Amino acid sequence: MKNFVAQAKLLRDDPRLGLSDEDKKTFERVFKRLAELRVAQARMTIDIENIENLFSLLDMDMEFSGNAATPAPSLRQDLIFLILRTLEKTIQTGNLPRGGYGLPFFMGDGKPNSSRGVEVNYVEMFSALASRRWMTGKLGMPQDGKCQDTVITLNYDCLLDDCLAKIGVLPEYGLQNAEPPKELRQCGREMSVLKLHGSANWFKCKSGRCTGIVIDGRTLAKRLEYFYGQRCPHCHQDTIEPVIVPPTWAKGGQSEVLRPVWAKALEALREAGRIFIIGYSMPSTDQFFRYMLALALAANEKLDRVVIVNTSTNAQQTFQDLFHSEFGTRKLKRVDLPIGEYAVRAGNDGLGFELGQFQEGLDQSMIESSGFRFQ
């Protein structure tokens, strides 16, 4: 989030990255408004180079004032386009390094203490572990294929979604009036992936009469076609727009779409026995999630453990302060590792251990059918 704007500027300036002239004009309109807002930054301690802060400011601008030179709704759409185009160019599974990771809970050759290597990137490994895709028995997925665990995320990108689909797990978003795309309907398993701020592959009709939601399973470059006037496949009347919102109270007029997702997230937090908070620092802009977490924990009688995975000392302290001192002393675990290392790490300080996947052998044929390769 902190260097998102800088990355967008690199995209604009590097001819090798393939932005069209029209794309660059859209970027320029956002950067022009950003330059105007730097006046506010000179007087206040708001970091408007942080995309969440910038999105929040523009969203409030749209909600209450507008802008004479550039109407706020149009400027908001420009910013969403900049966000999605920047994600498309930078946040891709192909950009993640792949490596061979030795996992001692593999029992590939039948020897009790053996290990084998599997070639993955860390998001693929996280997806497989969190969904229990490789597991059988009581710790694996139930017979109905519905994972007992839930991912709640505030990210817009579809890295996790795409990696789940790759191993045959449908990301179930909790949206109403939304059918999974044909690319994902063949998945025999599903896992709740609740995206509180929307997603790069969610679109809704601009018409107030049509309530259908489009989930697009194609590449992000294809999804961006919706910015060029593609009609709603439900009503065929109006065009559709992305469901992307900033981490603010207003939620950009998308509350009707997102309310079912928020309700499911609140229910999942209320019922959780363990909660993993991974790489999230609870920024001051996101009071929404802070209150959701507080409301959920007030009604949760099952919670036994909270695991905070974050290399930031400040983030660790934020959550330490958030939880009651007695709970924090007994049930709060700090993990000072990047998520990539935590996901692939073997032994009792890795994600696999926390999810109980050290207790059973993993079936080699299932791993290979998921597209991963043993070394």
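Every read-out reported here was derived from the displayed coordinates using simple, explicitly stated rules and does not represent laboratory data. As the structure is a prediction and not an experimental result, all values here were calculated from the model. Using ideal geometry, Cβ is built from the backbone for each residue, glycine included, and neighbour counts are taken over all protein chains shown.
Report the calculated FRET efficiency for A35 and D321 (r = Cβ-Cβ distance, R0 = 41 Å), to the nearest 0.05.
Values: r = 36 Å, r/R0 = 0.89.
Rounded to the nearest 0.05, the efficiency is 0.65.
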Starting at the first residue of region 126-134, write each ³J(HN,Hα) from the Karplus equation 6.51 cos²θ - 1.76 cosθ + 1.60 with θ = phi - 60°, in whole Hz, x for Gly and Pro. 4, 4, 5, 5, 5, 8, 6, 4, 8
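Taking 30 Å as R0, compute the FRET efficiency from the Cβ-Cβ separation of L355 and R290 and round it to 0.05.
Given R0 = 30 Å and the Cβ-Cβ separation, E is 0.70.
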For the S20, Q92 Cβ pair and Förster radius 22 Å, calculated FRET efficiency rounded to 0.05 is 0.70
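Could you work out how much longer the chain between R231 and K331 gets when fully extended? Use 0.36 nm per residue separation minus the Cα distance between them, nm to one decimal. Walk me through the intermediate numbers first.
Numbers: separation 100, 0.36 × 100 = 36.00 nm, distance 5.07 nm.
Length gained, R231 through K331: 30.9 nm.
Using the per-residue mean of other Cβ atoms lying within 10 Å as a proxy for protection, in what order, highest first, do the peptides 16-24, 334-342 fall?
Ranked by mean Cβ neighbours within 10 Å, highest first: 334-342, 16-24.
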Quick one: what are the phi-derived ³J(HN,Hα) couplings along region 2-13, Karplus 6.51/-1.76/1.60 with θ = phi - 60°, whole Hz, x for glycine and proline? 5, 10, 4, 5, 4, 5, 4, 5, 4, 4, 4, 8
Over 31 Å between Cα atoms: which of K166/K264; K138/K166; K204/K302; K146/K206 fall into that group? K204/K302; K146/K206
